[in-house]
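Heads up, the thing below is written out as structure tokens.
The values are calculated or read from the model by the stated rules, or taken from the named source; none is laboratory data. What you see is a predicted model, and the numbers here were worked out from it, not measured in a lab. Glycine also receives a Cβ, built like all others from the backbone with ideal geometry; neighbour counts cover every protein chain displayed.
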Amino acid sequence: MRLIGFALLGLALFAGGAVAASPEDDYVAARDKDIARIKHLVAANADDKKVQAEQDKMIADLQSRLDANVGPFAVAGYPTAGKITLETLSDGDIGFGQLDGMVHSAGDDGPQVIVTTRGLVDRWLRDRSAEKDAELRLPANLEAALRDDGFYTFAVSEDAAFGKTAELTIAKPAGADLVVAALGGFAQDIGPNPRQEIVVTLQKGGRVYIANQVAKTAIGKFDACEAIWTAATKTSEELWKAYENAGSKDDKLLDERSKAEDNGDKAYRACLVAKTPQQPYYPALVAEAQELADRLAGK
């Protein structure tokens, strides 16, 4: 009878929600409630200033909650104080749905690192993996997602897409659970990008760090890769001229033009990814990424 009584008591406690929610659960619940509130105000055509004022207060509260959840931060090269990554709670604004984290930035164009938790990353990836639009979808598995350019586009940048130039093969620092490094650039357009950055994602314990900084190593061009992009550009220009010269505007020509540019960009990047590791400056890029990873890991 006593065993049955204890069992029934345990079931009652479980059913009654006796298990306390985690700080992470509390943060997510508060964020989702705030998003719903902003959506309601927008749908009701509330005054823009009122909506913005409420949103500012909400984001300040979420920042306080998230900062406490992520915990203290101290890594050389970055300020100890961070700012929440969320710039908006309105699903109609650019930047909505970014990865929840605290960003520590050394100036507008300086190195930055987003610090978050593995739990928040996994939640975010579950949502991203369920996206109906394939262009917005990411793998639910973190290691798989880190090989996808879209991860850095959606996690790090509000309005610029990430294009990978090369994988950077580095050693996992002592104490780290996972590390992935890449070379690439953030841009609002396709094609060659002279601003190349090193991106390192590292997990240590329950924390995840996503850092990016401009590469110091001089990076050369490859004639074979440049020729691919030049050919794509030429095809694009020819299709545009054909469209302008057509008696009745043919939208199929515009579709063909867009496809030629996209395919050219993919082929150009594939060429870079294949050739960069063969270059004499590749070890210097790897060394930059390794130093960053070691610093994030506390070595």
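Against the conditions (1) loosely packed, with under 14 Cβ neighbours inside 10 Å; (2) touching a Lys or Arg at 6+ places or on another chain (Cβ under 9 Å); (3) of a type in the set (D, E, K, R), where does GLU288 fall short? Just the number, please.
(1)
Mind counting the residues in the range 105-126 that are β-branched (Val, Ile, Thr) and at pLDDT below 95?
Result for the range 105-126: 0.
May I ask you to say which residue of GLY92, GLY119 is over 20 Å from ALA161 (Cα atoms) and either touching a Pro at 6+ places or on another chain (Cβ under 7 Å) or in contact (Cβ under 8 Å) with a residue 40 or more places away in the chain (or both)? Can you show your working first?
Working: GLY92 fails: over 20 Å from ALA161 (Cα atoms).
Answer to the check: GLY119.
Taking TRP240 and the conditions (1) hydrophobic (A, V, I, L, M, F, W, C); (2) in a helix (DSSP H, G or I); (3) in the same structural domain as ALA106 (by TED's automatic domain parsing), which numbered condition does it fall short on, given that it satisfies the others?
Of everything listed in (1) hydrophobic (A, V, I, L, M, F, W, C); (2) in a helix (DSSP H, G or I); (3) in the same structural domain as ALA106 (by TED's automatic domain parsing), TRP240 misses just condition (3).
Given LYS252, LYS275, which one is closer than 26 Å to PRO194 by Cβ and either in contact with a strand residue (DSSP E or B) (Cβ under 6 Å, 6 or more places away or on another chain) or part of a helix (DSSP H, G or I) (or both)? Give the derivation first.
Values: LYS252 fails: closer than 26 Å to PRO194 by Cβ.
Exactly one residue qualifies, and that residue is LYS275.
Each row is one residue, and each column tells you yes or no for (1) on the phi < 0 side of the Ramachandran plot; (2) in a helix (DSSP H, G or I); (3) surrounded by 14 or more Cβ atoms within 10 Å (Cβ to Cβ).
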{"residue": "PHE151", "(1), (2), (3)": "yes, yes, yes"}
{"residue": "ASP159", "(1), (2), (3)": "yes, no, no"}
{"residue": "LYS164", "(1), (2), (3)": "yes, no, yes"}
{"residue": "PRO173", "(1), (2), (3)": "yes, no, yes"}
{"residue": "ALA182", "(1), (2), (3)": "yes, no, yes"}
{"residue": "ILE190", "(1), (2), (3)": "yes, no, yes"}
{"residue": "PRO194", "(1), (2), (3)": "yes, no, no"}
{"residue": "ALA218", "(1), (2), (3)": "yes, no, no"}
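Can you say whether ALA211 is outside any loop (DSSP other than H, G, I, E, B), crowded, with 21+ Cβ neighbours inside 10 Å, at pLDDT 95 or above and not basic (Lys, Arg), as far as the supplied structure shows? Quick ask: steps written out before the conclusion?
Values: outside any loop (DSSP other than H, G, I, E, B): yes; crowded, with 21+ Cβ neighbours inside 10 Å: yes; at pLDDT 95 or above: yes; not basic (Lys, Arg): yes.
It is true that ALA211 is outside any loop (DSSP other than H, G, I, E, B), crowded, with 21+ Cβ neighbours inside 10 Å, at pLDDT 95 or above and not basic (Lys, Arg).
Can you tell me how many residues in the range 153-173 are touching a Lys or Arg at 6+ places or on another chain (Cβ under 9 Å), modelled with pLDDT of 95 or more and under 21 Å from THR116 (Cα atoms)?
Looking only at that region, the number is 1.
Check whether at least one residue in the range 110-118 is exposed (fewer than 15 other Cβ atoms within 10 Å of the Cβ) and in contact with a helix residue (DSSP H, G or I) (Cβ under 9 Å, 6 or more places away or on another chain), and report yes or no.
No, the range 110-118 contains no residue that is exposed (fewer than 15 other Cβ atoms within 10 Å of the Cβ) and in contact with a helix residue (DSSP H, G or I) (Cβ under 9 Å, 6 or more places away or on another chain).
State all residues of the range 91-104 that are surrounded by fewer than 16 Cβ atoms within 10 Å (Cβ to Cβ) and either farther than 12 Å from PHE154 by Cα or of a type in the set (A, V, I, L, M) (or both); if no residue qualifies, say none. Walk me through how you get there before you give the answer.
Initial filter on the range 91-104 (surrounded by fewer than 16 Cβ atoms within 10 Å (Cβ to Cβ)): 91-96.
ASP91, GLY92, ASP93, ILE94 - these are the residues of the range 91-104 that are surrounded by fewer than 16 Cβ atoms within 10 Å (Cβ to Cβ) and either farther than 12 Å from PHE154 by Cα or of a type in the set (A, V, I, L, M) (or both).
Taking the range 115-145 on its own, how many of its residues are more than 17 Å from GLY206 (Cα to Cα) and not in a helix (DSSP H, G or I)?
So the count comes out to 8.
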